[in-house]
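Each value in this text was obtained by applying a stated rule to the coordinates, not by laboratory testing. Computed from a predicted model, the values in this text were never measured in an experiment. Here the Cβ positions follow ideal geometry from the backbone for every residue, glycine too, while neighbour counts run over all protein chains shown.
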Amino acid sequence: MKLLPAVRRLLAATAIGLFALPAHAADEAVDKAFITFQLENDMFAGFSNTDRHYTNGLQAAWLSRPRNDLPKWLDDFSSPPFYSLFFPTGNFDQKNHRVGIALGHAIFTPDNTAAAAYLPNERPYAAWLHMTFALQSVRSSTITGEAWQDNWKLDLGVVGPAAQGEWVQNEWHGVIGADKANGWHNQIRDEIGVNLSFERAWRSPTFATERLFSMETDFIPYTIVSLGTVQTYAGLGGTFRIGPALPDDFGPTRIYPGVGGSEWFRPAGPGCNCYLFAGLEGRGIARDIFLDGNTFRSSVSIDKEYFVYDAKLGAVAIIGPARVSITHVFRSKEYKGQPKPDQFGALTVTFAY
């Protein structure tokens, strides 16, 4: 499968950046690289459901120190000009770039995992194993306090039996003494997955919020556009944070679909670098391989909902070089005839070094 020239160049530049010596930022507080481990699972919402729909996600990610030595074409590419047609362009006097790489795995199942037969009215079994190559850019103004974070992500991987969803789920069930999922032979078939997404988040005085209960608050809106054989959609969302002193970042990250937040963080200062957050996100979906089935051949599938929203609640604490976040996600119905919305939890731990 051929990639567009710009995508090939982005992949090559990211791979080179992973092994090159990082440029040193002037501010030592942000001159760090980061390693992130994430787990999303519906067992965290066990009071409502277990092993149904998006049932498990795992990801390990690395994000480089700030780099200001990217080629000009990649610097220009990092902030697409067409976005200025829809959102105002800021005047920024500070800019840095980071490159990153991640390994992720996601599992999807129907409600009834005991049945071995194909269940035409339920979500198909599916698994997604992929590498993510990222280019992250932060532009900020010391005068206005405004900041943009732009994220390009290129996902390359495989959907289907080769992603080993059956092995991961049933081996884990064997460890914890849970029942096996018996219908994996009905899963979506093997297919190479390629997806490119662009995400922008803002911190701006335009969205300034008042102090509540003597604590700081802020609101961080974001947008995303995703195109590929795995997921094609456009989304809009926002995160509200409240705490004694809010860290200078864009909030915690998630895996699926991976919208909002930053893998880097910078403590606000001494004291409690902790906060609560709540958010809402809507997505208009043109394609979702986990519901629509294989792209180039017939396979199991189900009629999807074209609009899906997530509501999230959570807490974050920065402890020394680590940031820990816990998130509970409420997700609307994703396919026609789905009995009820979903819930799942996420645990994320990020280390700075």
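Run the paramagnetic zone check for residue 112: 7 angstrom along Cα to Cβ, then residues of segment 125-164 with backbone nitrogen under 16 Å. 125, by backbone N distance to the label point. In a reduced charge model with +1 at each Lys and Arg Cβ and -1 at each Asp and Glu Cβ, the chain shows a dipole moment near 420 debye about its Cα centre. As a check on your grasp of the helix formula, calculate [θ] at 222 nm for the chain: sum -39500 (n - 2.57) over DSSP H runs of n ≥ 4, divide by the residue count, round to the nearest 500. Theoretical 222 nm ellipticity from helices: -3000 deg cm²/dmol.
Positive end of the dipole of the chain (Cβ unit charges, origin at the Cα centre): among 252, 274, 92, the Cα lying farthest that way belongs to 92.
The amide H of residue 94, built 1.01 Å from its N in the peptide plane, has 140, 142 as neighbours under 5 Å, considering only residues 5 or more places off or on other chains.
Stretching the chain fully between residue 172 and residue 143 yields a gain of 5.2 nm (0.36 nm per residue, less the alpha carbon separation). Helix 165-176 axis versus longest C-alpha principal axis of the chain: approximately 90°, rounded to the nearest ten. Amide H contacts for residue 53 (H built 1.01 Å from N in the peptide plane; partners 5 or more residues away or on another chain; cut-off under 5 Å): 109, 111. One quarter of the surface of the convex hull around the alpha-carbon atoms of segment 235-353 equals 8.7 nm², the direction-averaged projected area.
Karplus-derived 3J(HN,Hα) values for segment 222-234, using 6.51 cos²θ - 1.76 cosθ + 1.60 with θ = phi - 60°, are 8, 10, 8, 10, 10, 9, x, 7, 8, 9, 10, 6, 10 Hz; glycine and proline are entered as x. Applying 1/(1 + (r/R0)^6) with R0 = 22 Å to the Cβ-Cβ distance of residue 207 and residue 322 gives a FRET efficiency near 0.20. The Cβ shell under 13 Å around residue 298 holds other residues with a net charge of 0, Lys and Arg each +1, Asp and Glu each -1. Using R0 = 30 Å, the C-beta based FRET efficiency linking residue 93 and residue 349 works out to 0.35. Placing unit charges on the Cβ atoms of the charged side chains and taking the dipole of the chain about its Cα centre, the candidate lying farthest along the positive direction among 217, 205, 152 is 152. Charge tally around residue 282: other residues with Cβ under 12 Å, Lys/Arg +1 each, Asp/Glu -1 each, net -1. State the answer as a single residue: which of 101, 77, 177 lies farthest towards the positive end of the charge dipole of the chain, with beta carbon charges of +1 for Lys and Arg and -1 for Asp and Glu, about the Cα centre. Of the candidates, 77 comes out farthest on the positive side. Shown here: segment 133-207, whose C-alpha atoms stretch 59, 30, 17 Å along the first, second and third principal axes, sorted largest to smallest. Of 153/336; 95/312; 95/153; 180/312, which sit over 21 Å apart, Cα to Cα? Pairs exceeding 21 Å: 153/336; 95/312; 180/312.
Calculate, in nm to one decimal, what residue 248 and residue 311 gain on full extension: separation in residues at 0.36 nm each, minus their alpha carbon distance.
Numbers: separation 63, 0.36 × 63 = 22.68 nm, distance 2.31 nm.
Length gained between residue 248 and residue 311: 20.4 nm.
With θ taken as phi - 60° and the Karplus curve 6.51 cos²θ - 1.76 cosθ + 1.60 applied, the whole-hertz 3J(HN,Hα) list for segment 314-320 is x, 9, 9, 9, 9, 10, x Hz, x standing for glycine and proline. The angle between the Cα long axis of helix 5-19 and the main principal axis of the chain comes to about 70°, on a 0 to 90 degree scale. For segment 338-352, 3J(HN,Hα) computed residue by residue from phi via the Karplus equation (6.51, -1.76, 1.60; θ = phi - 60°) reads 4, x, 7, x, 9, 9, 7, x, 9, 10, 10, 10, 10, 10, 9 Hz, glycine and proline entered as x.
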